[in-house]
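Enquirer: Here it is, the structure in full.
The values are calculated or read from the model by the stated rules, or taken from the named source; none is laboratory data. Given the structure is predicted, the values throughout are model-derived calculations rather than measurements. Note that each Cβ is placed from the backbone with ideal geometry, even for glycine, and that neighbours are counted across all protein chains shown.
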Amino acid sequence: MDCKTARLLLPFLRPLAPELSPTDAEDLRDHLAGCPECGALAAAEHRVDARVGQAVRDVPVPADLPARLLKRLDAERRSWYRRRVVAPLLAAAAVLLATGAGWYWLRGPGTGIDIEMVAFEQSMQPGTGPEQIEQAFAGQGVRVSLPRDFNYALLTSYDLVRFQGHDRVPRLEFARGEARAYVYVLTAPPFNLKAEWEQHTSGGVTVEIRKPLGQDDYAYLLVYTAGALDRFRLDQPGGI
Amino acid sequence: MGLPGSQRDVQRLVEEHYAALYRYAYRLSGSAADAEDLTQEAFCKAQRNFAQLRDRGRAKAWLFSILRNAYLHRVRDQRHARFVALDDLGDLPEPPPGPLPPVEPERLQAALNELPEVFRTPIILYYFEDFSYRAIAEQMDLPLGTVMSRLARAKAHLRARLLPAAVVLADGPGRGSDGL
């Protein structure tokens, strides 16, 4: 190996990071051993590199650095699990809970509250007459004719009730002092109105059914404090 | 992002490489606080992306690469920092004869700080000794010849700063330029 080649290869002769093939490294070492100029240059280069390299590597490392690093890494790991594992699980649980609550609400044993019906039942206004009540019933899908010979100033409530197995039967309630009168409007069907009924009194309450003249498809069932029906009627000729 | 590395794997990684990584970060950034931040950031990224490390034998190079990227990300807004103009330096001067003066830590770091990062990184890795030229080239994604050239210039700069008597063939390094 000549001096020119040796000086070109010199930077590659590194003790800890060998860059030359074993053959080239051996040839170079042979040349440096036999050539005083190249040998001195290599020694000087090595000396300077060793001095500067030692200084570059000489950085004091804080003794507690590994502990701080591991603590931070542990916190990061926990945060990762919270974001990637715990949070999705909680979200899934929330969805399940919401689904369950929805199912319970839809299928649960409780009776739904009909807000519209409550408003309808509580909509009594002073001076409400039979026409307004018929319209209110019609608004609920129930078309009826109410008796005109009652004093509607005594009306205390009207609603659709369950009566002898049938829902949505119109009922009027009148009150005067302690006396009460209820009027149920029965229609055919579902009720059979072709029969004849006699008045029946029991326990201070009288029950009777009256059919408007010429009408077979509806009738009024009257329940009232015995002897008090006239107190709720107008003096005008009625349809009952 | 996949599962983070197991606690045991990451702990081993820290125990084996924290010191070298911190020293590298210190020489890159020039400050102990930044070095610790960078080391923490590098290990956190390594933990999150542990699945990318297929060959445990390359863990050190992988960590150094992560740390350098973290450093570059931090300093990308500092492109207008003023560095020495290495074009003003001549060839690598021959070492001076006789005993060498001691290298003062502050002067060494100041000299490193004067180098643009593309020169500072290879010279630091070079002096860490166990990084081959090829490994440095892979770290920096550069051709081997470019790495050799930058190393020679960086060495010349350090010798000019730390061993002034050696700079007999070169002009003094210029200041006030953006670099290369």
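Enquirer: So how many residues does the stretch A:34-75 have that are among the aliphatic types (A, V, I, L, M), at pLDDT below 90 and either over 21 Å from residue B:27 (Cα atoms) or touching a strand residue (DSSP E or B) at 6+ places or on another chain (Cβ under 8 Å) (or both)?
Expert: Qualifying residue count, the stretch A:34-75: 7.
Enquirer: Same structure, new question: Of the residues B:115, B:92, B:100, which single one is closer than 17 Å to residue B:161 by Cα, assigned to a loop (DSSP other than H, G, I, E, B) and at pLDDT 85 or above?
Expert: B:115
Enquirer: Residues that are closer than 30 Å to residue B:122 by Cβ and more than 60 Å from the chain's Cα centre (by Cα): which helices (runs of 4 or more DSSP H) entirely in the stretch A:18-104 hold 1 or more of them?
Expert: A:22-34, A:36-57
Enquirer: Out of A:159, A:217, A:167, report the one residue that is within 53 Å of the chain's Cα centre (by Cα), surrounded by 18 or more Cβ atoms within 10 Å (Cβ to Cβ) and acidic (Asp, Glu).
Expert: Sole residue among the options that is within 53 Å of the chain's Cα centre (by Cα), surrounded by 18 or more Cβ atoms within 10 Å (Cβ to Cβ) and acidic (Asp, Glu): A:159.
Enquirer: Filter the stretch A:179-213 down to the residues that are more than 21 Å from residue A:234 (Cβ to Cβ), of a type outside the set (A, V, I, L, M, F, W, C) and part of a loop (DSSP other than H, G, I, E, B) and list them by number.
Expert: A:189, A:190, A:192, A:194, A:196, A:198, A:203, A:204
Enquirer: Check B:34, B:9 and return the single one that is among the charged types (D, E, K, R), more than 12 Å from chain A (Cβ to nearest Cβ) and either surrounded by fewer than 15 Cβ atoms within 10 Å (Cβ to Cβ) or in a helix (DSSP H, G or I) (or both).
Expert: B:34
Enquirer: Would you confirm whether any residue within the stretch B:16-28 is away from chain A (no Cβ under 11 Å) and small (Gly, Ala, Ser)?
Expert: Checked against the condition, which is being away from chain A (no Cβ under 11 Å) and small (Gly, Ala, Ser), the stretch B:16-28 yields no hits at all.
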